[in-house]
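Trainee: Shown below is the structure under consideration.
Only the coordinates and a few stated rules stand behind these numbers; no lab work does. These numbers come from a predicted model, not from an experiment. Here Cβ is always computed from backbone atoms with ideal geometry, including for glycine, and neighbour counts include all displayed protein chains.
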């Protein structure tokens, strides 16, 4: 529907070249070669120190876990409650569908009895 408008948007604006200083700053910040400015500081990578090996580092994952907070359990309890609500709503909807099917069958039966009664009245007169 708006495809024509969205296709025309890039052409509705005039192209403007950015100032040379801005281009140089952006390229220097991105680390592009050949774009050095006086404000660009030498960058060095400092690696993390390795962790010391100890007997505690060989412990299993379950031993290293901290006890869970209330927020953790509240989230799981809320999820379980929503699962119960959803399953209850599904069971309720299923029961309503069964009741509706029963009412429809009784309506068809009542209509057939009415038609039979009307035919008997018509034959009797």
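Trainee: Please work out the ratio of the alpha-carbon Rg of region 78-125 to 2.2 N^0.38 Å and round it to two decimals. Working shown, then result.
Mentor: Numbers: Rg = 20.8 Å, N = 48, 2.2 N^0.38 = 9.6 Å.
That works out to 2.17 for region 78-125.
Trainee: Something else: Would you kindly state how much longer the chain becomes between residue 8 and residue 20 on full extension, computed as 0.36 nm times their sequence separation minus their alpha carbon distance, in nm to one decimal? Kindly include the intermediate steps, with their values, before the conclusion.
Mentor: On the way: separation 12, 0.36 × 12 = 4.32 nm, distance 2.86 nm.
My answer for the length gained is 1.5 nm.
Trainee: Run the quick spin-label model on residue 77 and residue 117: label points 7 Å from Cα toward the beta carbon, then report their separation in nm to one decimal.
Mentor: In this crude label model, residue 77 to residue 117 measures out at 5.8 nm.
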